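See below for the structure under consideration.
The values are calculated or read from the model by the stated rules, or taken from the named source; none is laboratory data. Here the structure is a predicted model, which means the values were calculated and not measured. Cβ placement follows ideal geometry from the backbone for every residue including glycine, while neighbour counts extend to all protein chains displayed.
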């Protein structure tokens, strides 16, 4: 009967990680000076790739913003037309016209009164808050009275 030859050695080699022949890359490898032409070309290409990527992102963002602005502009224009049409349709309604007159006269009176108090040096946040509260109460009363 033929015998098989043993090809394995009895001792296995274990790598000693503390030995001086094993080296690791330092953490500041990217910051080290370029030593070869190949490294210089690679860094140049990486910089160009990053620049292209940032330019593409900026272009995409600008394009998206332009599209959104166009949509918002159209929506605002349509809303203004609808409001104008609503006012035109209710031109004969005395409640709507009364509200328009009250709003116009009230705004002028408030502006004139605020300017007068400002000239006298008596316009402060307490007075402005009180007036804003009165305007809110009157607006709510008008809303429920008009319903």
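Here's the yes/no breakdown for (1) touching a strand residue (DSSP E or B) at 6+ places or on another chain (Cβ under 8 Å); (2) exposed (fewer than 10 other Cβ atoms within 10 Å of the Cβ); (3) at pLDDT below 90; (4) in a helix (DSSP H, G or I):
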position	(1), (2), (3), (4)
48	no, no, no, yes
52	no, no, no, yes
99	no, no, yes, yes
106	no, no, no, yes
115	no, no, no, yes
119	no, yes, no, yes
130	no, no, no, yes
136	no, no, no, yes
140	no, no, no, yes
Members of the range 103-147 found to be closer than 20 Å to residue 90 by Cβ, touching a residue at least 12 places away in the same chain (Cβ under 8 Å) and within 39 Å of the chain's Cα centre (by Cα), listed by number: 106, 142
